[in-house]
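*Asks:* Structure incoming, see below.
The values are calculated or read from the model by the stated rules, or taken from the named source; none is laboratory data. The structure displayed is predicted, hence computed values, not measured ones. Every residue, glycine among them, receives a Cβ derived from its backbone with ideal geometry; neighbour counts consider all protein chains shown.
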């Protein structure tokens, strides 16, 4: 199955099939695209939604308007309305509801600061807790999201902001194991270039190697010894395991499979074209 | 004792940015507390905190005390859920710091690094008001060793210290347990 197809000559960014950005191993090839074609999109994960939001925001900021083809499947369109993408990408989306997927756990949220996320949590925390009905899972999910947001708004800060959302899956329609999937995307400098700001790492050319190093505590090398955020994400995801974490940033990708008291499986690779900023997917087993 | 309700900020506290704001607010409150008095950091109503928030708020508050900030007044933690308790324990231990938690039963416990701290705390609570030499005598330590222990104990908020001028001149501190025994 073709998951992602780019028609570069026409500068159309075409996303089709299921979870095209999460499944694909390539970032958008040519910038700026003159059209965004979601017509044959069959399923979008929080990662796809967050990445689309940050890409579209970038287009808007660059005043490079693109034509949009919305998903032909009314259920897919309804889901993207439910999660809030209609508030970002222009078009005649129609109403939400009627999707096979249950309502989003956390709708697409745009942030420019950590404090804004703390403010959102005032409303989000009771809702997520009620939706999941399990304190530990609710707390773990928001811990993971919060540490990722904290990293993104601090180290990945840009005028594009940070986009985050989450969805619980029962597995009935996706065919995947039951779980909570989190997607977060920022348009900042990216993990590799951020780490190269530390003289200790500025000689490392391979972005994927810097993604590997980003998991180490105190990796940022700041005087106040911070840099636990990503380690906490991995610890929480492992505690809830089996979990998946995918990080794409710059030209690097790290894919991790985590399980409690088990050495994580990690695979790193170089992307052919760089990701603008950092995009992260976390999939944890759900109650 | 003066009470600071952490829950006024939210039931789930997440980011470093918010952690820094809360710490600055606590420091403002500490500045208003009389010397020798104690600020209770009341976490009741807070369901959860992240490691980043805990580090930026409580761990850095303790860290500032190691540098001498507000050491003439105490502070104690109270009302933590299991989740908040575990997170504070983690962030303090990572920085090799400690704070004192008052359990609902009234029992005191050390959060963070342990080692000799529980015994030293117990001795300080028995003495209530003392000089380093008296603590050294109580624990059978050298004055230098007692001073080293007192540094961490003062930073934890359990003991407040005040500079006194001895009869023969020079520099000396008197210590006072800032929390109930």
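*Asks:* With the structure loaded, tell me whether residue A:42 is modelled with pLDDT of 85 or more and either more than 29 Å from residue B:15 (Cβ to Cβ) or in a loop (DSSP other than H, G, I, E, B) (or both) or whether it fails that test.
*Replies:* Details: modelled with pLDDT of 85 or more: yes; either more than 29 Å from residue B:15 (Cβ to Cβ) or in a loop (DSSP other than H, G, I, E, B) (or both): yes.
In short, yes.
*Asks:* Hey, another quick one. Out of (1) within 12 Å of another protein chain (Cβ to nearest Cβ); (2) in contact with a helix residue (DSSP H, G or I) (Cβ under 9 Å, 6 or more places away or on another chain), what's the single condition that is false for residue B:88?
*Replies:* For residue B:88, the exception is condition (1).
*Asks:* Only one of these conditions is not met by residue B:148: (1) in contact with a helix residue (DSSP H, G or I) (Cβ under 8 Å, 6 or more places away or on another chain); (2) in a helix (DSSP H, G or I); (3) closer than 24 Å to residue B:92 by Cα. Which number is it?
*Replies:* Only one criterion is unmet by residue B:148, namely (1).
*Asks:* Touching a strand residue (DSSP E or B) at 6+ places or on another chain (Cβ under 7 Å) and surrounded by 15 or more Cβ atoms within 10 Å (Cβ to Cβ), is that true of residue B:70?
*Replies:* Numbers: touching a strand residue (DSSP E or B) at 6+ places or on another chain (Cβ under 7 Å): no; surrounded by 15 or more Cβ atoms within 10 Å (Cβ to Cβ): yes.
No, not satisfied.
*Asks:* Next up: Any chance segment A:130-142 includes a residue that's within 11 Å of chain B (Cβ to nearest Cβ) and not in a helix (DSSP H, G or I)?
*Replies:* Looking for residues that are within 11 Å of chain B (Cβ to nearest Cβ) and not in a helix (DSSP H, G or I), one finds none in segment A:130-142, hence no.
*Asks:* So is residue A:166 out of contact with any strand residue (DSSP E or B) (no Cβ under 8 Å at 6 or more places or on another chain) and either at pLDDT 90 or above or within 12 Å of residue A:106 (Cα to Cα) (or both) or not? Break it down into steps so the answer makes sense when it comes.
*Replies:* Values: out of contact with any strand residue (DSSP E or B) (no Cβ under 8 Å at 6 or more places or on another chain): no; either at pLDDT 90 or above or within 12 Å of residue A:106 (Cα to Cα) (or both): yes.
Judged against the criteria, residue A:166 is not a match.
*Asks:* Does residue B:58 satisfy the condition of being part of a strand (DSSP E or B), within 14 Å of the chain's Cα centre (by Cα) and at pLDDT 95 or above?
*Replies:* no
*Asks:* Ok, one more. Go through segment B:1-20 and report how many residues are facing chain A (nearest Cβ under 7 Å) and not in a strand (DSSP E or B).
*Replies:* So the first thing to find is which residues in segment B:1-20 are facing chain A (nearest Cβ under 7 Å), and the list is B:10-18.
Adding the requirement that they be not in a strand (DSSP E or B) leaves B:10-11, B:14-18.
Summing the residues that are facing chain A (nearest Cβ under 7 Å) and not in a strand (DSSP E or B) in segment B:1-20 gives 7.
*Asks:* Which residue pairs have Cβ atoms closer than 7 Å, lie 6 or more positions apart in sequence or on different chains, and pair a first residue in segment B:35-49 that is within 14 Å of another protein chain (Cβ to nearest Cβ) with a second residue that is crowded, with 20+ Cβ neighbours inside 10 Å and part of a strand (DSSP E or B)?
*Replies:* From segment B:35-49, the pairs are B:46/B:13; B:47/B:12; B:48/B:12; B:49/B:13.
*Asks:* A further question follows. Hey, among the residues in segment B:144-181 that are at pLDDT 90 or above and farther than 20 Å from residue B:70 by Cβ, which one's surrounded by the fewest Cβ atoms within 10 Å (Cβ to Cβ)?
*Replies:* By that ranking, first place goes to B:144.
*Asks:* How many of the residues in segment B:21-53 are in a strand (DSSP E or B) and within 16 Å of residue A:121 (Cα to Cα)?
*Replies:* So the first thing to find is which residues in segment B:21-53 are in a strand (DSSP E or B), and the list is B:38-42, B:48-49.
So of that shortlist, the ones also within 16 Å of residue A:121 (Cα to Cα) come out as B:48-49.
Residues that pass the stated criteria total 2.
*Asks:* Determine, yes or no, whether residue A:241 is touching a strand residue (DSSP E or B) at 6+ places or on another chain (Cβ under 8 Å), part of a loop (DSSP other than H, G, I, E, B) and in contact (Cβ under 8 Å) with a residue 12 or more places away in the chain. Let's see the steps before the verdict.
*Replies:* Working: touching a strand residue (DSSP E or B) at 6+ places or on another chain (Cβ under 8 Å): yes; part of a loop (DSSP other than H, G, I, E, B): yes; in contact (Cβ under 8 Å) with a residue 12 or more places away in the chain: yes.
Spelling it out, residue A:241 is indeed touching a strand residue (DSSP E or B) at 6+ places or on another chain (Cβ under 8 Å), part of a loop (DSSP other than H, G, I, E, B) and in contact (Cβ under 8 Å) with a residue 12 or more places away in the chain.
*Asks:* Please specify each residue of segment A:145-162 satisfying the condition of being more than 15 Å from residue A:53 (Cα to Cα) and outside any helix (DSSP H, G or I).
*Replies:* Hits for segment A:145-162 are A:156, A:157.
*Asks:* Run residue B:84 past the list (1) over 14 Å from the mean Cα position of the chain (by Cα); (2) farther than 30 Å from residue A:147 by Cα and report the number of the one that doesn't hold.
*Replies:* (2)
*Asks:* What is the residue count in segment A:100-129 for residues that are outside any helix (DSSP H, G or I) and either surrounded by fewer than 17 Cβ atoms within 10 Å (Cβ to Cβ) or more than 8 Å from chain B (Cβ to nearest Cβ) (or both)?
*Replies:* Looking only at that region, the number is 13.
*Asks:* Within segment A:57-84, count every residue that is touching a strand residue (DSSP E or B) at 6+ places or on another chain (Cβ under 7 Å), assigned to a helix (DSSP H, G or I) and closer than 16 Å to residue A:11 by Cβ.
*Replies:* 1
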